[in-house]
Amino acid sequence: MTESKRLSNKWLKASVLGCLWASSEIVIGSFLHNLKIPFAGNLLTAIGIILLISVAHIWKEKGLFWRSGVVCALMKSISPSAVIFGPMIAIFFEALLMELSVRIFRKNVFSFLLAGGLAMLWNLFFVLANYIIIYGFNIVELYSNLTVFAQKQLHIAADIYWLPIVVLGVVYFIFGLLCALYAIVIGRKAARQPLAHQSLTIHQVQKIKSGKPDTAFPFSFFWLAINIVLLVIVLALISFVPWPYWTAAGSALLALWIARYRQTLRLLSRPKFWISFVIITMLSAFLLYQLKNSERSLIQGLFIGLEMNFRAVLVIIGFSVIGTELRNPDFKKLFVHSRLWQLPLAMEIAFDTLPMMISSLPSTRELLKKPSLTFRYMLARADFWLEKTELKLNNRQNVIIVCGSERTGKSTFLTKIIHQLKEKNIRPGGFIAPALYENDINIGHDLVDLSKGQRIALSRFQGDAAMPAVGKFFFSEEGIETGKKILALENLTNTDVVVVDEVGPWELQNQGWGHHLTQLVKSYDNPMIWVVRRSIVDKVIENWSLKNPLIIEASSELPDTVTNAIIHYRTKKSVG
């Protein structure tokens, strides 16, 4: 990650926005496709349009759209879908069209609306081009015959060849305009009104998922090149030689692919493919028979339909295996000495961030129930993820983590440490949050300012429904704001160490004082003591990219261990 220190601000933000776009594509896209929802591709394009245009109201850099599109497209390589090559191309060109719109007309309402319309219209163009690539120009003749047949049946004198395409184009463009308009509203609202604190249920507190993409497949640049060459050769044979030759060559190529790429079998086992296979074959035969009215034309139509479908099998499977080889982790090395040398660095950060970003996404159910609030939430998180990528370049090394379970004496342990620090003229700042008990039951926590000695209510077991809640406790807005004020950098100038009691699941979601912790990690040079539940220690270390933190068990270690470590950090800093 040392190379990432050269990463420009544009590519840093592109890695965040592209990762956010890719995570929504992976999570929401899988949901839409699993439910077989029609026009799922258009809905995913709509999400991309809304994300890019709404974030543009916060991040003003030029070139952010196309860079984010490149990052998102390359991140589609870890999508669970077997077909990724086509979507990768579609995503990149959607972002490129949006970039051209805002470059030519600058960032304003008109350019944003045009960008949304063009990105959605590209979907139609891509679908039509995809049909031609998959089935060949026979699909154009099939469409032409279908329009001629429709003219005859409806007794229409005028040529309607282009009419269905034009109507569809207008519908797509208007849908893109509406998505862009929606994004403008969300972007402006988010820029004016930051979201209030979001509650976390007990289930959400316990559920923080993570995972890494699997790269166990034996990738090969040789196979990538061979697959492209063989696919081009067999497609050329279909166009220029008799059917026995291209059938044999195509079948041999399919057998080779199935032997190396197991996922190709999943494509051939999908009912959707075989249904379209039968429909195209029968429609080709029916239309040619209706227009020419001969038995020979019926056989010719059947043969054309079968040829189109055989070509479709080759192209679909071929793009799938090419897409598989493009997942090669070494592929990014090709960019190191090019003008896009920052791309692999941005991809490295994006892939590191992706698992946690996916786990923090609102559920698809929430998106459908409250789309505006969900998109505002995702937009509000953009700066959070930007800060996280910046933290990866920081590697803070002077954080001490005091961990333990509930009722293991963490507050007492901290109190002893603070007393020892004051005896050695080391000025503590920050706060502790001692628990309150009634009849041996934890009813909440207070917050104690270590610099001023002031005490204020932080959380209680019972509270107003309007109060933000984390698990079973309701939090006081006044207590939260007091904690933020205590941790503000300008209020810590006269401190030698900062104590934060505690760092929990809320902070991992950038709630509570999560943002202030990030600022401390980036800018506070003195040691810090963080209290963390043992179950989330690893996640806290990962979230703030802490390097080799000292982890202390409150129930088994002596306070002197922490005090001596702080003295060591201070000595090391003064010598350095």
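Which one is modelled with the highest pLDDT among residues in the range 131-161 that are in a loop (DSSP other than H, G, I, E, B) and either on the phi > 0 side of the Ramachandran plot or among the basic types (Lys, Arg) (or both)? Checking each candidate, the answer is 136. Against the criterion of being modelled with pLDDT under 75, assigned by TED's automatic domain parsing to the domain that holds residue 48 and outside any helix (DSSP H, G or I), residue 198 qualifies.
Is one or more of the residues making up the range 438-453 among the small types (Gly, Ala, Ser), surrounded by fewer than 21 Cβ atoms within 10 Å (Cβ to Cβ), closer than 25 Å to residue 521 by Cα and in contact with a strand residue (DSSP E or B) (Cβ under 8 Å, 6 or more places away or on another chain)? Within the range 438-453 (the criterion being among the small types (Gly, Ala, Ser), surrounded by fewer than 21 Cβ atoms within 10 Å (Cβ to Cβ), closer than 25 Å to residue 521 by Cα and in contact with a strand residue (DSSP E or B) (Cβ under 8 Å, 6 or more places away or on another chain)), the answer is yes, since at least one residue qualifies. In the range 439-476, the residue that is farthest from residue 497 (Cα to Cα) out of those that are acidic (Asp, Glu) and at pLDDT below 90 is 464.
Based on this model, can you work out whether residue 5 counts as under 23 Å from residue 172 (Cα atoms), at pLDDT below 75 and surrounded by fewer than 22 Cβ atoms within 10 Å (Cβ to Cβ)?
Values: under 23 Å from residue 172 (Cα atoms): no; at pLDDT below 75: yes; surrounded by fewer than 22 Cβ atoms within 10 Å (Cβ to Cβ): yes.
So residue 5 fails the test.
Just to be sure, is residue 425 surrounded by fewer than 17 Cβ atoms within 10 Å (Cβ to Cβ), at positive phi and at pLDDT 90 or above? Against the criterion (surrounded by fewer than 17 Cβ atoms within 10 Å (Cβ to Cβ), at positive phi and at pLDDT 90 or above), residue 425 qualifies. Do the conditions hold for residue 466, that is, is it surrounded by 13 or more Cβ atoms within 10 Å (Cβ to Cβ) and over 28 Å from residue 571 (Cα atoms)? So residue 466 does not fit the description; no.
Please pick out the residue among 443, 400 that is hydrophobic (A, V, I, L, M, F, W, C) and within 21 Å of residue 534 (Cβ to Cβ). Write out each step before concluding.
Details: 443 fails: within 21 Å of residue 534 (Cβ to Cβ).
After ruling out the rest, the residue left standing is 400.
Listed by position, the strands (runs of 3 or more DSSP E) inside the range 426-473 whose residues that are touching a Lys or Arg at 6+ places or on another chain (Cβ under 9 Å) number at least 1 are 428-432, 435-438, 441-449. The combined condition, being touching a helix residue (DSSP H, G or I) at 6+ places or on another chain (Cβ under 6 Å) and either modelled with pLDDT of 70 or more or more than 30 Å from residue 58 (Cβ to Cβ) (or both), is not fulfilled by residue 418. From the list 510, 494, the one residue that fits, being in contact (Cβ under 8 Å) with a residue 24 or more places away in the chain and surrounded by fewer than 15 Cβ atoms within 10 Å (Cβ to Cβ), is 494.
Across the range 221-262, the number of residues qualifying as among the small types (Gly, Ala, Ser) and surrounded by 13 or more Cβ atoms within 10 Å (Cβ to Cβ) comes to 3.
Residues of the range 415-449 being within 38 Å of the chain's Cα centre (by Cα) and among the β-branched types (Val, Ile, Thr), which ones? Across the range 415-449, the qualifying residue is only 432.
Output the residues belonging to the range 539-558 that are part of a loop (DSSP other than H, G, I, E, B) and closer than 15 Å to residue 569 by Cβ. Spell out the reasoning first.
Pass one, the range 539-558, residues part of a loop (DSSP other than H, G, I, E, B): 544-549, 554-558.
Of everything in the range 539-558, those that are part of a loop (DSSP other than H, G, I, E, B) and closer than 15 Å to residue 569 by Cβ turn out to be 546, 547, 548, 549.
Taken as a whole, the range 544-562 holds no residue that is free of Cβ contacts under 8 Å to residues at least 60 places away in the same chain and closer than 25 Å to residue 390 by Cα.
The values are calculated or read from the model by the stated rules, or taken from the named source; none is laboratory data. Quick caveat, the model's predicted, so the values are computed rather than measured. All Cβ positions, even for glycine, are placed from backbone atoms using ideal geometry, and neighbour counts span all protein chains on display.
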